[in-house]
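Read through the structure below, which is laid out as structure tokens, and then see the notes.
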Amino acid sequence: MRTQVGIIGAGPAGLMLSHLLHQEGIESVVLETRSRAYVESRVRAGVLEHDTAELLRDTGVGERMTREGLVHTGVELRFEGITRRIDLSGLTNGRRITVYGQQEVVKDLIAARLAAGGQILFDVSEVTLEGIDTDAPVIRFAHEGTIRELSCLVIAGCDGFHGVSRGSVPKGALRIFDHTYPFSWLGILARATPSAHELIYAHHERGFALHSMRSTEVTRLYLQVPPHTELSDWPAARIWDELHTRLATEDGFTLTEGPILEQGVTPMRGFVTEPMRHGRLFLAGDAAHIVPPTGAKGLNLAVADVRFLAEALGTWLRQGRETGLDEYSARCLRRVWRVQHFSSWMTGLLHQPVDADEFSHRLQVAQLEYVTTSTAAATTLAENYVGLPLDWSRRR
Ligand code: FAS
Ligand code: PHB
């Protein structure tokens, strides 16, 4: 097999890249280890930044998101039994977020790629990368019982944190930055009408809680739990009790319960690979970085990476200019570290540290008071949360 860009991974990064390359008239083949049904059912992120939603609309895959997605112009911070709203749109000249599940974005992108004649091979295995230091890299893989080779000009490693791309770079060529936070998130999806119109980030002495949603019938909720938490230690009753406690307010907030449709525990870490390129291999999305989910950034950062990569590949393949490719890693990493910092700041603001004491509690409450009463402080949160404009990453 031969193509211009070999893409490993059919998550948001790989699928968006293939879609954007198609818009540039550039051929690609996407290789995915899992089945189509699996990738389309995997519950993960839920919040699209302003520019991510606009990109889906502008490139012809935003119709269902526009119809079914929930547009939000604010988020709520809850602490000491009170709730304060951050007016995201009012503070950012109308920029906003769209609540639309990652699995819905994946479904829309797969449908669009297949409708356009795009090639996505599901259920591949034994994927290896060869010749990434040459101008003729090859991806070798098994598919439907046959060993196959995909010759390409460039390989995009979009295979997530546990993929093979990052590990294919020769030892010593990458610098890894890895930070493990001392807690995880226990997340549930419940068939229950959301208990508020917007997201609620709750600071509580027992730990952080988040009220989000997927539709007007499905609520998405998270609890800060100790690292290595076992789901078996958290029966539904305990989960709901803890959510009621941490989301309670003086004026009697009511959390609507419902059947739990899906639950999971996600460890919290910050991880960055530098550089995000080696020869003809370009890393994008979780294959290159992981951010704490507190800032709702993982998916959006993956999309930003591949926007840069698609633009750079278009310039190279159409005009022969490699500047975009040469700048790809530095340009992505400026945004990656900005998002890493924002996600870390949101996490520190809202989560109970392991050595929590009265002093740390009062520091957090003081910061929450300031962020929810100072326009300057609230604007900092708002502009990062809705997503900094893409050209922010261009500036030195
Ligand atoms: P992905 O991991 O989504 O996709 C990589 C794809 O590559 C997968 O389909 C995988 O099957 C495939 N693959 C792996 N190895 C391969 C190989 N050898 N060959 C071929 N294919 C291979 N982000 C948020 O913003 N908010 C959240 O609430 C949130 N919750 C999360 C919960 C969980 C459990 C996890 C794991 C992540 C969560 N994230 C969240 C982050 C998540 O949304 C990622 O940022 C997003 O999926 C990144 O997309 P990709 O880079 O495409 O990686
Ligand atoms: C979600 O709805 O899954 C979600 C929302 C906001 C976050 C993280 C996850 O910060």
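The values are calculated or read from the model by the stated rules, or taken from the named source; none is laboratory data. Remember, it's a predicted structure, so these values are computed and weren't measured experimentally. Glycine also receives a Cβ, built like all others from the backbone with ideal geometry; neighbour counts cover every protein chain displayed.
In the range 87-110, is there at least one residue being part of a helix (DSSP H, G or I), away from ligand 2 (no atom under 16 Å from the Cβ), assigned by TED's automatic domain parsing to the domain that holds GLY11 and surrounded by fewer than 15 Cβ atoms within 10 Å (Cβ to Cβ)? No, the range 87-110 contains no residue that is part of a helix (DSSP H, G or I), away from ligand 2 (no atom under 16 Å from the Cβ), assigned by TED's automatic domain parsing to the domain that holds GLY11 and surrounded by fewer than 15 Cβ atoms within 10 Å (Cβ to Cβ).
Name the one entry in ALA378, ALA382, ALA366 that is among the hydrophobic types (A, V, I, L, M, F, W, C), outside the structural domain of GLY9 (by TED's automatic domain parsing) and more than 24 Å from the chain's Cα centre (by Cα). That would be ALA366, the only listed residue that is among the hydrophobic types (A, V, I, L, M, F, W, C), outside the structural domain of GLY9 (by TED's automatic domain parsing) and more than 24 Å from the chain's Cα centre (by Cα). Residue pairs whose Cβ atoms lie under 6 Å apart, sitting 6 or more positions apart in sequence or on different chains, and linking a residue in the range 337-354 that is at pLDDT 95 or above to a partner that is of a type in the set (D, E, K, R), are VAL339/LYS297; SER343/LYS297.
More than 24 Å from ASP391 (Cα to Cα) and either more than 14 Å from ligand 2 (Cβ to nearest atom) or in contact with a Leu (Cβ under 6 Å, 6 or more places away or on another chain) (or both): is that true of SER41 in this structure?
On the way: more than 24 Å from ASP391 (Cα to Cα): yes; either more than 14 Å from ligand 2 (Cβ to nearest atom) or in contact with a Leu (Cβ under 6 Å, 6 or more places away or on another chain) (or both): yes.
The answer is yes for SER41.
Within the range 154-167, residues that are in the same structural domain as GLU27 (by TED's automatic domain parsing) sit with their Cβ atoms under 6 Å from residues that are among the acidic types (Asp, Glu), at 6+ positions apart or across chains, in these pairs: GLY160/ASP286; PHE161/ASP286; SER165/ASP159. Of all positions in the range 173-180, at least one carries a residue that is away from ligand 1 (no atom under 16 Å from the Cβ), more than 29 Å from THR73 (Cβ to Cβ), surrounded by fewer than 16 Cβ atoms within 10 Å (Cβ to Cβ) and more than 25 Å from the chain's Cα centre (by Cα). Of all the listed residues (ALA288, ALA304, ALA284), the sole one being more than 14 Å from ligand 2 (Cβ to nearest atom), in the same structural domain as LEU153 (by TED's automatic domain parsing) and in contact with a Cys (Cβ under 6 Å, 6 or more places away or on another chain) is ALA284. Which one of the conditions (1) within 15 Å of ligand 1 (Cβ to nearest atom); (2) closer than 23 Å to LEU109 by Cβ does TYR328 fail to meet, given that it meets all the rest? Condition (1) is where TYR328 drops out.
Please go through the range 331-363 and pick out each residue that is among the polar types (S, T, N, Q), closer than 30 Å to PHE308 by Cα and more than 15 Å from the chain's Cα centre (by Cα).
Here is the first cut: in the range 331-363, the residues among the polar types (S, T, N, Q) are 340, 343-344, 347, 352, 360.
Now restrict to residues that are closer than 30 Å to PHE308 by Cα: 340, 343-344, 347.
Hit for the range 331-363 is THR347, nothing else.
Candidates are the residues of the range 187-208 that are within 14 Å of ligand 1 (Cβ to nearest atom) and in contact with an Asp or Glu (Cβ under 9 Å, 6 or more places away or on another chain); the one that is farthest from ILE239 (Cα to Cα) is LEU199.
Residues of the range 25-37 being buried (at least 16 other Cβ atoms within 10 Å of the Cβ) and outside any helix (DSSP H, G or I), which ones?
ILE26, GLU27, SER28, VAL29, VAL30, LEU31, GLU32, THR33, ARG34
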